[in-house]
Amino acid sequence: MIKCIYIEDEIKDHPRTLSILDRFGSTRRIKIKRYGDVFNKKSQNFRLQKSNPALILARKHQGLVLDAPDSFGIGGTKNYYFSHMFNCIYDCRYCFLQGMYSSANYVVFVNYEDFDKNIEDLVNSNPNENLTFFSGYDCDSLALENITGFVEHTLPVFQKFDNALLELRTKSIQLKPLLEFTPMKNCVIAFSLMPRAMSDSLDHKTPKISERIKAISKLAELGWKIGLRFDPLVHGKDWKILYKELFDEIELNVPETAIHSVSVGPLRFPKNIFKNISKLYPEEKLFAGPLVNSPRTPSYAENVEKEMTDYCLEHISRFVPKSAIFNCVSSN
Amino acid sequence: MREFNKAIRWVVALKCEAEPIIQYFKMDCYINTGPFSVFCDREKEHWLVLSGIGQINSASATTYLSEISDAPPWAGWINIGIAGYGGKKLKDLLLVDEVQQFSTGHTLYPGPVIGNNLRRYSLITVDKPSKNYKQGHLVDMEGYAFFEIASRLSSQQLTIILKIISDGPDEPLELIKPETVTESISRIINNLKTLVQELENICLGEAKRLAQPKAYKKCIQTWHFTSSQKTKCLELIRKWESIFPSKDLFSIISMENDAKSVLSKISKHTQKYEIDWINSD
Ligand code: SF4
């Protein structure tokens with residue numbers, strides 16, 4: 001339950017601000033100059049704040065659409081990402097946001113139209129390229145949809161484009177906005193998945209894996225393109241059996257024709273982010289796994305990473321064409 | 001196994017405000033010969049400093065209390081006191097979630113994680129007593145400085161400003177008697193108790209997270225570690241404790257001769273470990 005909403009002065013009368021505020025009745029509101037005055041303060045305790053986050057409504061001025069890291073890519077020639085929101089209602093133990101931000105408060109940038117304009121400019125200035133726009137890098141694309149209306153706003157923007165693909169990355173099973181649209185050929189609903197036993201332990205507050213697979217089936221049936229994201233790959237006792245069970249369940253429930261792309265990515269953390277996260281959750285078993293301190297990114301040893309990636313790619317390629325499988329490994 | 005004491009630190013401007021708290025938490029005078037009088041309970045869990053009025057006093061007293069009580073980074077800090085208010089006089093305990101320093105216009109945003117049932121207010125901290133009550137805002141003379149210092153010693157979420165309305169446009173400050181102030185605080189002491197329990201529990205959780213494991217302390221007392229070995233040792237012991245929360249580390253390292261062999265022994269045990277996701281709790 002959100003107990004407090006901070007509102008940047010500049011967007012206090014923005015129609016989206018007003019419609020969001022409408023949903024919160026008499027919740028305490030505090031006017032602020034810039035969201036960073038609340039969000040970026042150093043002495044915040046992310047772990048404690050996560051139990052009671054506030055909502056911050058703000059305008060994003062710069063960096064609305066950014067070049068995606070090299071490791072991103074599901075077949076397009078140019079990749080970008082954009083975030084209408086920072087932070088997430090879920091609480092995954094491996095989430096890099098908890099090591100990146102000092103605050104667990106949710107920031108929603110209400111100026112969606114400025115994101116649209118940036119996206120349109122990029123699409124128009126790259127007529128001969130296939131562009132992919134990733135949403136859900138700094139948040140979950142769908143999880144807070146009932147408040148943000150982000151997907152409902154953004155799908156029509158992409159309906160106009162032939163050479164731009166939108167990826168909505170999510171763990172949410174709130175499908176309402178998607179059910180209200182005709183499935184689009186240039187939109188991929190990408191679900192993050194891992195074996196049930198790992199997810200039960202690591203994905204806090206998220207829908208269960210079985211519920212996510214049910215949601216995927218439903219969307220596939222309706223004609224939406226599905227992305228399957230096995231990122232991060234998590235090690236542990238019997239990991240091969242656990243992953244095989246997951247792949248079997250997906251193969252059984254998701255028609256191959258609905259699968260747009262599959263990507264796998266090893267568990268890796270930028271060093272500073274790892275330091276912050278493991279300090280927040282020193283008791284977390286995940287960090288006691290066989291992680292090695294490579295110079296920049298704590299990760300599993302190279303041979304473990306390779307064995308896991310090869311194993312998963314091999315199994316996935318039994319039900320997904322190789323051309324739709326992507327190995328998302330960032331350079332160390 | 002680790003055990004921790006509760007750690008609550010009170011910063012209160014006036015004796016008449018502090019009296020009911022000192023009594024309720026059974027505190028005695030710890031020192032009154034230094035710059036500020038300090039009280040604490042027998043268990044040394046609750047400490048209170050009488051800061052006097054004003055921001056400089058409040059900031060200095062907060063720092064002083066932190067040092068004299070050896071406040072851990074997981075301590076909960078509470079500033080409680082009377083405040084003016086430009087609106088209807090409520091008798092409740094009020095929680096501050098925005099505090100502005102009047103002289104500079106700087107604003108801080110406490111994000112308290114307790115007191116969900118308390119009304120939340122904005123506070124303006126002034127340098128001189130003021131009759132200029134702003135509608136809807138509390139006014140005091142310490143809150144900003146207290147929060148600025150205490151939130152750095154601990155964290156914003158564990159630093160709490162609580163106010164009780166004393167004066168307003170119809171009831172100027174100079175007419176408020178100390179006994180009335182004591183009475184107002186006594187009236188809310190039960191509410192305060194519930195709130196403090198909530199804070200104590202959160203602080204204990206933080207203590208578990210932030211404190212150095214006992215096994216680590218024992219290790220560095222038993223063997224000589226270089227500073228990089230100490231870092232490694234702490235890292236490995238944390239790993240050990242998350243893998244084997246109820247196993248005694250010393251049962252496997254007590255026979256080792258030096259720091260190097262201790263580290264290698266713990267490494268060997270933790271490296272072999274494969275997380276059992278199915279049976280993990
Ligand atoms: S769903 Fe994604 S963004 Fe949200 S907490 Fe989990 S990893 Fe982070």
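The values are calculated or read from the model by the stated rules, or taken from the named source; none is laboratory data. Note that the structure is a prediction, hence the values are computed from the model and not measured. No Cβ is skipped: glycine too gets one built from the backbone with ideal geometry, and neighbour counts run over all protein chains shown. Note: accessible area is taken over every heavy atom of the protein model, side chains too, but ligands, DNA and RNA are not part of it. Shrake-Rupley method; radii C 1.70, N 1.55, O 1.52, S 1.80 Å.
Do the conditions hold for A:Leu155, that is, is it within 20 Å of A:Ala324 (Cα to Cα), modelled with pLDDT of 95 or more and over 16 Å from the mean Cα position of the chain (by Cα)? Walk me through how you get there before you give the answer.
On the way: within 20 Å of A:Ala324 (Cα to Cα): no; modelled with pLDDT of 95 or more: yes; over 16 Å from the mean Cα position of the chain (by Cα): yes.
It is false that A:Leu155 is within 20 Å of A:Ala324 (Cα to Cα), modelled with pLDDT of 95 or more and over 16 Å from the mean Cα position of the chain (by Cα).
Residue by residue, here is whether (1) open to solvent by less than 40 Å² (accessible area, probe 1.4 Å); (2) touching a helix residue (DSSP H, G or I) at 6+ places or on another chain (Cβ under 6 Å); (3) of a type outside the set (A, V, I, L, M, F, W, C) holds:
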| residue | (1), (2), (3) |
| --- | --- |
| A:His61 | no, no, yes |
| A:Val65 | yes, yes, no |
| A:Gly76 | yes, no, yes |
| A:Tyr90 | yes, no, yes |
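Go through the stretch B:179-208 residue by residue and tally those that are touching a Leu at 6+ places or on another chain (Cβ under 9 Å) and open to solvent by less than 30 Å² (accessible area, probe 1.4 Å).
Adding up the residues that qualify gives 8.
Grab the strands (runs of 3 or more DSSP E) fully contained in the stretch A:57-113, keeping just those with 2 or more residues being more than 16 Å from the ligand (Cβ to nearest atom) and modelled with pLDDT under 95. I'd like the intermediate steps shown before the answer.
Details: elements: A:65-67, A:78-82, A:106-109.
Once the strands (runs of 3 or more DSSP E) in the stretch A:57-113 are filtered for at least 2 residues that are more than 16 Å from the ligand (Cβ to nearest atom) and modelled with pLDDT under 95, nothing remains.
Out of the stretch A:114-137, which residues are modelled with pLDDT under 95 and either within 16 Å of the ligand (Cβ to nearest atom) or within 30 Å of A:Gln44 (Cβ to Cβ) (or both)?
If the condition is that a residue be modelled with pLDDT under 95 and either within 16 Å of the ligand (Cβ to nearest atom) or within 30 Å of A:Gln44 (Cβ to Cβ) (or both), then A:Gly136, A:Tyr137 are the ones that fit.
Cβ-Cβ below 6 Å, separation at least six or inter-chain, first residue in the stretch A:170-185 and of a type in the set (A, V, I, L, M), second within 16 Å of the ligand (Cβ to nearest atom) and part of a loop (DSSP other than H, G, I, E, B): which pairs?
A:Ile173/A:Pro207
Yes/no per residue for (1) touching a residue at least 40 places away in the same chain (Cβ under 8 Å); (2) more than 14 Å from chain A (Cβ to nearest Cβ); (3) surrounded by fewer than 20 Cβ atoms within 10 Å (Cβ to Cβ):
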position: B:Arg238; (1), (2), (3): no, no, no
position: B:Ile243; (1), (2), (3): no, no, yes
position: B:Ser254; (1), (2), (3): no, yes, yes
position: B:Asn257; (1), (2), (3): no, yes, yes
position: B:Ile266; (1), (2), (3): no, no, no
position: B:His269; (1), (2), (3): no, no, yes
position: B:Glu274; (1), (2), (3): no, no, yes
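Looking only at the stretch A:36-53, decide whether some residue is basic (Lys, Arg), out of contact with any helix residue (DSSP H, G or I) (no Cβ under 6 Å at 6 or more places or on another chain) and open to solvent by 50 Å² or more (accessible area, probe 1.4 Å).
Going through the stretch A:36-53, the residues basic (Lys, Arg) turn out to be A:41-42, A:47, A:50.
Among the residues that remain, those that are also out of contact with any helix residue (DSSP H, G or I) (no Cβ under 6 Å at 6 or more places or on another chain) are: A:41-42, A:50.
With the extra rule that they be open to solvent by 50 Å² or more (accessible area, probe 1.4 Å), the set shrinks to A:41-42.
Checking the stretch A:36-53: at least one residue is basic (Lys, Arg), out of contact with any helix residue (DSSP H, G or I) (no Cβ under 6 Å at 6 or more places or on another chain) and open to solvent by 50 Å² or more (accessible area, probe 1.4 Å).
Answer yes if at least one residue in the stretch A:317-331 is under 20 Å from B:Trp277 (Cβ atoms) and of a type in the set (A, V, I, L, M, F, W, C), and no otherwise. Let's see the steps before the verdict.
Looking only at the stretch A:317-331, we keep the residues that are under 20 Å from B:Trp277 (Cβ atoms), and these are none.
Looking for residues that are under 20 Å from B:Trp277 (Cβ atoms) and of a type in the set (A, V, I, L, M, F, W, C), one finds none in the stretch A:317-331, hence no.
In the stretch A:285-303, which residues are in contact (Cβ under 8 Å) with a residue 60 or more places away in the chain and open to solvent by less than 20 Å² (accessible area, probe 1.4 Å)? Show your work before the answer.
Residues of the stretch A:285-303 that are in contact (Cβ under 8 Å) with a residue 60 or more places away in the chain, as a first pass: A:285-286, A:300.
Residues satisfying the conditions are A:Leu286, A:Tyr300.
Which residue is farthest from the chain's Cα centre (by Cα), if the candidates are limited to the stretch A:286-301 and must be at pLDDT below 90 and part of a helix (DSSP H, G or I)?
A:Ala288
For the stretch B:113-147, name all the residues that are over 19 Å from A:Lys31 (Cβ atoms) and open to solvent by less than 20 Å² (accessible area, probe 1.4 Å). Show your work before the answer.
Of the stretch B:113-147, the ones over 19 Å from A:Lys31 (Cβ atoms) are B:113-118, B:126-133, B:140-142, B:145-146.
B:Val113, B:Ile114, B:Gly115, B:Val126, B:Asp140, B:Glu142, B:Ala145, B:Phe146, listed by residue number.
Out of (1) open to solvent by 30 Å² or more (accessible area, probe 1.4 Å); (2) farther than 19 Å from A:Lys171 by Cα, the odd one out for A:Tyr81 is which?
Of the numbered conditions (1) open to solvent by 30 Å² or more (accessible area, probe 1.4 Å); (2) farther than 19 Å from A:Lys171 by Cα, the odd one out for A:Tyr81 is (2).
Quick check on my filter: what residues within the stretch B:167-178 are touching a helix residue (DSSP H, G or I) at 6+ places or on another chain (Cβ under 8 Å) and either open to solvent by less than 10 Å² (accessible area, probe 1.4 Å) or among the acidic types (Asp, Glu) (or both)?
So in the stretch B:167-178, the residues touching a helix residue (DSSP H, G or I) at 6+ places or on another chain (Cβ under 8 Å) come out as B:167, B:178.
Hit for the stretch B:167-178 is B:Asp167, nothing else.
Quick one: count up the residues across the stretch A:262-284 that are touching a residue at least 60 places away in the same chain (Cβ under 8 Å) and either open to solvent by 20 Å² or more (accessible area, probe 1.4 Å) or outside any helix (DSSP H, G or I) (or both).
Qualifying residue count, the stretch A:262-284: 16.
On the given criteria, is A:Lys306 open to solvent by 20 Å² or more (accessible area, probe 1.4 Å), within 14 Å of chain B (Cβ to nearest Cβ), assigned to a helix (DSSP H, G or I) and modelled with pLDDT of 90 or more?
No.
Those residues that are within 22 Å of A:Gly36 (Cα to Cα) and facing chain A (nearest Cβ under 9 Å), I need them from the stretch B:94-120; list them, please.
Within the stretch B:94-120, B:Asp97, B:Glu98, B:Thr107, B:Leu108, B:Tyr109, B:Gly111, B:Pro112, B:Val113, B:Arg120 qualify.
Check whether at least one residue in the stretch A:82-89 is within 13 Å of another protein chain (Cβ to nearest Cβ) and not hydroxyl-bearing (Ser, Thr, Tyr), and report yes or no.
Within the stretch A:82-89, the first condition is being within 13 Å of another protein chain (Cβ to nearest Cβ), and the residues that meet it are none.
The answer is no, given that none of the residues of the stretch A:82-89 is within 13 Å of another protein chain (Cβ to nearest Cβ) and not hydroxyl-bearing (Ser, Thr, Tyr).
Where residues in the stretch A:198-230 are outside any helix (DSSP H, G or I) and more than 16 Å from the ligand (Cβ to nearest atom), which of them is farthest from the other protein chains (Cβ to nearest Cβ)?
To start, the set of residues in the stretch A:198-230 that are outside any helix (DSSP H, G or I) comprises A:203-208, A:223-230.
When the remaining residues are screened for being more than 16 Å from the ligand (Cβ to nearest atom), the result is A:223-226.
Values: A:Gly223: 35, A:Trp224: 30, A:Lys225: 30, A:Ile226: 25 Å.
The residue in question is A:Gly223.
Return only the number of the condition from (1) crowded, with 24+ Cβ neighbours inside 10 Å; (2) touching a Pro at 6+ places or on another chain (Cβ under 9 Å) that A:Gly136 does not satisfy.
A:Gly136 satisfies every listed condition except (2).
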